[in-house]
Every structure is written in C-alpha cells, then in structure tokens.
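Trainee: Supplied in structure tokens, the structure appears directly below.
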Amino acid sequence: METKTYKRLPYGNANFERVITENYAYVDKTRFIELLEKENNSYLFFTRPRKFGKSLFFSMMSHYYDITDTDKFDTLFGDLYIGKHPTPKHNSYVVLKFNFSGLDTGGEEHFRMSFTGNIRQSILTCLENHRDFIPNVDDYINKCEEQSSIGDMLNIAFRAAAAK
C-alpha cells in the first residue's frame, strides 16, 4: 500500500521565505500583486479576521518588492503565478517592515515606549539591511540615532530610500 505524503500547514508561520523553502502548503495569492498595482486607490486597507493570512501575505509582498531579495526571486516565486508573470516593480524598493506583535501592553506608558522603540529599531534595521543599496547609509543611520522624534526618523529613512 502506498503512503501519501502531505505538505505541512504553515499554522503560525507568517514567514513567506520559510513557507516556500521548507515546502509548506501554500495557496498562491501572488496574482493579487498585479491587481494591487493596477488599483487606482493609493491607500489600501486590508481587513481579515485573525489567522486569515494577512501577515503571510505582507511577508510575500515584502519579498517580492524588496531590492535585497532580488537574488531569491526565482527560488521564492519561480513556481508561482507572479514568478511566471512578474511586474516591472519586482525587487525595486527599499521595504521598511514593522512587526507589532509582542508589544508591551501592560499600561499606556509601557505600550507607548514599546511601540516607539519597535519603530525606531525597525527603521535602523531597514537602513542596515539596505546598506548595499543606499549611498552614505551610515550618515542616515547616525542622523536617525540622534532623533528623539519617530516622525523625524521616518523622514530621514524615506530620504535614504529615495537616494537609492
């Protein structure tokens, strides 16, 4: 009797690269990239209940658009719809990623500090990860580290990304 093997479900795994490279079951939603790029509305709002794949979808989009993942494109997307029909925008952006899971919600002040610390670290990590693509990245990192305002840090990061 032949035993069937099934792919594992990526329950709790929102890392697109791991889902693809570790052979988890994946429902290809990459065709939505084309639709999103053609959307006339500049501001999109994604609503779905918990555990409906929002984080995995955004991880997939991050890998698709981030310039640091250019060398992984065929591995990650080669067998998927968008790998066979790439748009001109693939792997052409500096992507700033936020992950707000694990914030300290033990009180308003704890939350505020945790939230701003998370954003600060995300900005600095983004600049460091894109070191090969942003000229004079150390200048931008130093300017960010001097800021007390998250808004000012974001503006510096956006200028750095535009300099690529």
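The values are calculated or read from the model by the stated rules, or taken from the named source; none is laboratory data. Please read these numbers as outputs of a predicted model, since none were measured by experiment. Positions of Cβ are backbone-derived with ideal geometry, glycine not excepted, and every protein chain shown enters the neighbour counts.
Trainee: For segment 20-43, name all the residues that are touching a helix residue (DSSP H, G or I) at 6+ places or on another chain (Cβ under 7 Å) and either loosely packed, with under 11 Cβ neighbours inside 10 Å or among the hydrophobic types (A, V, I, L, M, F, W, C) (or both).
Mentor: Ile20, Ile33
Trainee: Among the residues in segment 31-38, are any over 30 Å from Glu145 (Cα atoms), within 17 Å of the chain's Cα centre (by Cα), among the β-branched types (Val, Ile, Thr) and outside any loop (DSSP other than H, G, I, E, B)?
Mentor: yes
Table: residues versus (1) over 21 Å from Ala14 (Cα atoms); (2) at pLDDT below 95; (3) out of contact with any Pro (no Cβ under 6 Å at 6 or more places or on another chain).
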| residue | (1), (2), (3) |
| --- | --- |
| Gly53 | no, yes, yes |
| Gly78 | no, no, yes |
| Lys89 | yes, no, yes |
| Leu96 | no, no, yes |
| Phe100 | no, yes, yes |
| Ile119 | no, no, yes |
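Trainee: Hey, another quick one. Contact list please: Cβ distance under 7 Å, first residue in segment 14-25 and in contact (Cβ under 8 Å) with a residue 40 or more places away in the chain and part of a loop (DSSP other than H, G, I, E, B), second residue of a type outside the set (Gly, Ala, Ser) and buried (at least 17 other Cβ atoms within 10 Å of the Cβ), pairs at least six apart or on different chains.
Mentor: So the pair list comes out as Ala14/Leu56.
Trainee: So, one more: Determine whether Glu128 is surrounded by 12 or more Cβ atoms within 10 Å (Cβ to Cβ) and of a type in the set (Asp, Glu).
Mentor: The answer is yes for Glu128.
Trainee: Something else now. Just one of Ile156, Ile134 is crowded, with 17+ Cβ neighbours inside 10 Å and outside any helix (DSSP H, G or I); which is it?
Mentor: Answer to the selection: Ile134.
Trainee: Continuing with this model, one more query. Could you check how many residues of segment 43-100 are charged (D, E, K, R), within 12 Å of the chain's Cα centre (by Cα) and either within 17 Å of His130 (Cβ to Cβ) or assigned to a loop (DSSP other than H, G, I, E, B) (or both)?
Mentor: Qualifying residue count for the region: 3.
Trainee: Somewhere in segment 103-113, is a residue buried (at least 17 other Cβ atoms within 10 Å of the Cβ) and in a helix (DSSP H, G or I)?
Mentor: Scanning segment 103-113, I find no residue that is buried (at least 17 other Cβ atoms within 10 Å of the Cβ) and in a helix (DSSP H, G or I), so the answer is no.
Trainee: For segment 92-115, give me each residue that is under 30 Å from Thr70 (Cα atoms) and not small (Gly, Ala, Ser).
Mentor: Selection gives Tyr93, Val94, Val95, Leu96, Lys97, Phe98, Asn99, Phe100.
Trainee: Right, another one. Give the number of residues within segment 69-85 that are surrounded by fewer than 16 Cβ atoms within 10 Å (Cβ to Cβ) and without any contact (Cβ under 8 Å) to a residue 40 or more places away in the chain.
Mentor: 6
Trainee: For segment 57-90, enumerate the residues that are of a type outside the set (Ser, Thr, Tyr), in contact with a Lys or Arg (Cβ under 9 Å, 6 or more places away or on another chain) and under 23 Å from Val27 (Cα atoms).
Mentor: Phe57, Phe58, Met60, His63, Asp66, Phe77, Gly78, Leu80, Ile82, His85
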